[in-house]
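To keep things clear, I will list the structure first and then write my remarks on it.
The values are calculated or read from the model by the stated rules, or taken from the named source; none is laboratory data. All values derive from a computational prediction rather than experimental measurement. So basically every Cβ, Gly included, is an ideal-geometry build from the backbone, and we count neighbours across all protein chains shown.
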Amino acid sequence: MVHVDEQRYARSLVLPGFGPDAQTRLGDARVLVIGAGGLGSTVIPALAAAGVGTLGILDDDVVEPSNLARQTIHTTADVGRSKARSAADRVLALNPAVTVVVHEERLETSNVLELFEEYDLVVDGSDGVDTRYLANDAAVLIGVPLVWGSVAQYDGIVGVAWAERGPHYRDLYPDPPQDVLTCEAGGVLPTLVATVGSLMATEALKIITGVGEPLLGRAVVVDALRGTFREVAYERAPFVDRDPISTNADPGASSPFPLVDESGAPRPPRGITNGGRPVVTVAETITSTELAKRIAPGVERDFELVDVREPWEAQIVQLPESRLVPLGTIPYADFDPDVPVILYCHHGVRSEQALRILAARGITVSHLEGGIDAFQREADPSLPTY
């Protein structure tokens, strides 16, 4: 049990339901933060200042000038330095009582389980989809709670994965999406990472101290342009094509993917192929303007409109009279072969993948060019964005 510095933590100690017990739990806690970039720049100092006793910082990258607008834990003098070590120096300057463990490495199948076993809680502030799924799967296996968050352009999302007490990340996103924009490709509003990072740090403090209700089975979606916060509820989802999470990964693998099944074999590729080549080589598309005319009120439909996004996305916005069939379940879904299908997703990437699968089954199919994002811009600006 650690000694509580009553002067340093005076404002926390007077909180209703908090007090010395909660502060002691923070001092005893061991937390690993994945990523010392944009989200980590808020999460790491927030946890250190709050009194987390041991803080692990994992990042194999170095500070670059393009980082400084949003990764405020680093300074101009840190350019070229290890992000993990730069962040560690900032932590010790802020709260010398914190024990900082620096992990200058990438999270991979070969090290993830051993790393997670050293900590009571993991906070994933990484900017890679593969790392996010690897962190979730390892947290499920180890039994450690995981706070996750991500940002892209003007939007962010935060949640908690804790398989022993509720849903985890794969219940919201069963499979890695293919149309996620990286910060490098799509940009990100600098202040948004601070907003999302603060929410992530708050979730970590709640889990450690037992104060409040963690975001279990709930995700908070942030729209920075509109200044809105939405809550999306989700439950354990036994998707029929979900591979079991297994420890049978190749210990020498240099990348977290592919995931493996219980036999140790790599996850089979999604979709139907012919000798390794896609059956469909040219995607049939429909523009937002064309689709708007075909789904206008009073127009009789001679096709089925199918949304291949995830359930939480459909809760935010969905085209009228469309059927939700997430991409991961497309190979197993029933379709009338005599009825043409029009598919859509967020940006058009997932719907093109679904098109190839359905076309290989002989179904007449096309997909919305640019996805619902383009539809909102070009055909119906009144639709909510995310």
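From the set of residues in region 109-167 that are among the acidic types (Asp, Glu) and within 20 Å of residue 386 (Cβ to Cβ), which is modelled with the highest pLDDT?
155
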Residue pairs within 6 Å by beta carbon, gap of at least six or interchain, first lying in region 6-31 and outside the structural domain of residue 146 (by TED's automatic domain parsing) and part of a loop (DSSP other than H, G, I, E, B), second loosely packed, with under 12 Cβ neighbours inside 10 Å and not basic (Lys, Arg), listed first then second, are none
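Right, residue 90: among the basic types (Lys, Arg), part of a loop (DSSP other than H, G, I, E, B) and either within 28 Å of residue 141 (Cα to Cα) or without any contact (Cβ under 8 Å) to a residue 60 or more places away in the chain (or both) or not?
Numbers: among the basic types (Lys, Arg): yes; part of a loop (DSSP other than H, G, I, E, B): no; either within 28 Å of residue 141 (Cα to Cα) or without any contact (Cβ under 8 Å) to a residue 60 or more places away in the chain (or both): yes.
For residue 90, the condition - among the basic types (Lys, Arg), part of a loop (DSSP other than H, G, I, E, B) and either within 28 Å of residue 141 (Cα to Cα) or without any contact (Cβ under 8 Å) to a residue 60 or more places away in the chain (or both) - is not met.
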Residues in region 326-333: is at least one touching a strand residue (DSSP E or B) at 6+ places or on another chain (Cβ under 8 Å) and in contact (Cβ under 8 Å) with a residue 12 or more places away in the chain? no
Could you run through region 160-171 and say how many residues are over 25 Å from residue 60 (Cβ atoms) and either assigned to a strand (DSSP E or B) or small (Gly, Ala, Ser) (or both)? 3
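Would you check which residues across region 331-356 are of a type in the set (A, V, I, L, M, F, W, C) and in contact with a Leu (Cβ under 7 Å, 6 or more places away or on another chain) and list them? Give the steps one after another, and end with the answer.
Keep residues of region 331-356 that are of a type in the set (A, V, I, L, M, F, W, C), which gives 333, 335, 339, 341-343, 345, 349, 354-355.
Hits for region 331-356 are 335, 341, 342, 343, 354, 355.
How about region 213-226: which of its residues are surrounded by fewer than 16 Cβ atoms within 10 Å (Cβ to Cβ) and in contact (Cβ under 8 Å) with a residue 60 or more places away in the chain? Full working, then the answer.
Initially, region 213-226 is screened for residues surrounded by fewer than 16 Cβ atoms within 10 Å (Cβ to Cβ), giving 213, 225-226.
Passing the criteria: 225, 226.
Is it true that residue 99 is assigned by TED's automatic domain parsing to the domain that holds residue 132, of a type in the set (Ser, Thr, Tyr), under 20 Å from residue 197 (Cα atoms) and without any contact (Cβ under 8 Å) to a residue 60 or more places away in the chain?
Details: assigned by TED's automatic domain parsing to the domain that holds residue 132: yes; of a type in the set (Ser, Thr, Tyr): yes; under 20 Å from residue 197 (Cα atoms): no; without any contact (Cβ under 8 Å) to a residue 60 or more places away in the chain: yes.
So residue 99 does not fit the description; no.
Restricting attention to region 200-212, report how many residues are surrounded by 23 or more Cβ atoms within 10 Å (Cβ to Cβ) and under 22 Å from residue 71 (Cβ atoms). Step through it out loud before you land on a result.
At the first step, the residues of region 200-212 found to be surrounded by 23 or more Cβ atoms within 10 Å (Cβ to Cβ) are 200-201, 203-205, 207-208.
Of the ones still in play, those that are also under 22 Å from residue 71 (Cβ atoms) are 200-201, 203-205.
Of the residues in region 200-212, 5 are surrounded by 23 or more Cβ atoms within 10 Å (Cβ to Cβ) and under 22 Å from residue 71 (Cβ atoms).
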Picking from 36, 29, which residue would you name as being closer than 17 Å to residue 101 by Cα, surrounded by 15 or more Cβ atoms within 10 Å (Cβ to Cβ), over 20 Å from the mean Cα position of the chain (by Cα) and at pLDDT 90 or above? 29
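Working only within region 39-57, note down all residues that are in a helix (DSSP H, G or I) and over 21 Å from the mean Cα position of the chain (by Cα). It would help to see each step written out before you state the result.
Within region 39-57, the subset in a helix (DSSP H, G or I) is 39-50.
Within region 39-57, 45, 48, 49, 50 meet the criteria.
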Of everything in region 108-149 that's among the acidic types (Asp, Glu) and in a helix (DSSP H, G or I), which residue is surrounded by the fewest Cβ atoms within 10 Å (Cβ to Cβ)? 114
Could you tell me which numbered condition residue 81 fails, if it satisfies all but one of (1) buried (at least 19 other Cβ atoms within 10 Å of the Cβ); (2) more than 25 Å from residue 134 (Cα to Cα)? (1)
